[in-house]
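This structure is in structure tokens; I'll ask about it shortly.
The values are calculated or read from the model by the stated rules, or taken from the named source; none is laboratory data. All values derive from a computational prediction rather than experimental measurement. Because the Cβ atoms are built from the backbone with ideal geometry, glycine has one as well, and the counts that use them run over all protein chains shown. Note: accessible area is taken over every heavy atom of the protein model, side chains too, but ligands, DNA and RNA are not part of it. Shrake-Rupley method; radii C 1.70, N 1.55, O 1.52, S 1.80 Å.
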Amino acid sequence: MSLKSVKNKIKSIDKTRQVTKAMEAVSAVKMRKSQTSAIGIRPYATSALKILRSISGSMAAANHPLTKVRPVKKTCIVLVSADKGLAGSYGTALFKGAYRFIAEKGLTKENTAFITIGKKGHEHFGKRGWVILGFYEKWSDLPQANDVSFDAVRPLAEKAKELYVSGEYDRIFIIYTNFISTLKQEVYARQLLPVTFAGAEENVRGITPERGKFSEIGRDLDVAPVKEYTFEPSPEEILSELIPVLFNIQIYHSVREANASEHSARMIAMKNASDNAGDISRGLKLHFNKVRQAAITREVSEIVGGMESVRVRE
């Protein structure tokens with residue numbers, strides 16, 4: 001490789017590093033905002049799930065359309081993925097987790113459909129012949145606080161409830177990436193419908209961090225729930241409003257956790273890319289300097305040799 005080629009390659013890598021450093025900075029800002037919102041919503045999500053567990057003794061709750069369990073013929077999966085790439089192994093890990101869940105449940109393309117959030121999930125499963133019932137994009141990169149609003153989630157929640165209540169699908173799951181820390185995210189699969197109170201308790205334990213200031217929100221899970229509430233005006237009226245709201249909160253929480261995970265993964269990926277570009281650039285500069293020094297030494301040697309030849313002739 002000529003010196004000019006090496007110099008051009010160094011310039012190209014340095015420009016790439018500037019881009020990845022800028023993307024790292026942008027992702028860091030989004031990550032901090034999304035982490036704050038995801039962790040901040042956990043106490044609300046936990047409280048909602050605890051309420052679901054506590055009303056399990058109510059006959060009205062047992063008769064609610066969203067709690068009725070029936071034989072499973074068709075399954076719907078809500079998949080929360082990214083709209084953009086350059087997030088390291090975030091997308092690969094999510095898809096592997098989804099396929100692992102599909103295999104565990106024995107699902108097939110004939111009895112399973114998807115509602116996809118994010119372009120990556122929509123493109124991946126759409127190209128492979130899976131049925132896509134709905135598609136939502138750009139939830140992970142909204143201009144306002146870089147996060148999705150509760151109202152934005154409502155149409156998705158309504159669609160999921162409609163698919164279940166109509167009997168078209170007998171159970172609905174959500175698969176997303178749960179935020180553990182900046183360096184660690186895990187793919188979770190949770191049942192949304194039918195609303196089961198054992199599942200609600202499992203969800204609470206899953207979103208409660210083991211350490212930190214929010215670790216105490218799940219400490220009272222082992223306390224026996226109230227066996228029966230006294231409702232006013234009537235259990236049917238209250239639960240008809242309460243259970244759908246609590247269901248919406250579960251979806252909202254899952255989407256925010258996925259957003260925090262995505263931005264964290266992208267920041268780490270861009271940092272690694274910047275570091276690698278810096279290492280390659282330093283290696284090429286060292287090679288460039290060695291080759292240039294060797295060329296200079298060779299030229300000096302040729303000049304000295306020429307001068308000695310002239311002196312000998314004289």
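Could the peptides 72-83, 274-285, 118-129 be put in order, highest first, of the mean number of other beta-carbon atoms found within 10 Å of their residues?
Those peptides, ordered most packed to least, come out 72-83, 118-129, 274-285.
Name the long-range amide H neighbours of Ile132: under 5 Å, sequence gap of 5 or more, or other chain; modelled H, no Pro or chain starts.
Phe114
Can I ask one more? Let me check I've understood the local charge: for Arg171, count other residues with C-beta under 10 angstrom from its C-beta, Lys and Arg +1, Asp and Glu -1. What total comes out?
So the environment of Arg171 carries a net charge of +3.
Of the cross-linked pairs Lys33/Lys159; Lys21/Lys96; Lys21/Lys127; Lys138/Lys161; Lys30/Lys184; Lys4/Lys271, which ones have a Cα-Cα span greater than 26 Å in the structure shown?
Lys33/Lys159; Lys21/Lys96; Lys21/Lys127; Lys4/Lys271
Considering amide H positions built from the backbone, and no H for Pro or chain starts, which residues 5 or more places from Thr67, or on another chain, come under 5 Å of its amide H?
Those lying under 5 Å, H to H, from Thr67 are Val195.
For Phe135, tell me the accessible area in Å² from a 1.4 Å probe, rounded to the nearest 10.
80
Sticking with this one: Mind ordering 3-11, 184-192 by average Cβ neighbours within 10 Å, highest first?
184-192, 3-11
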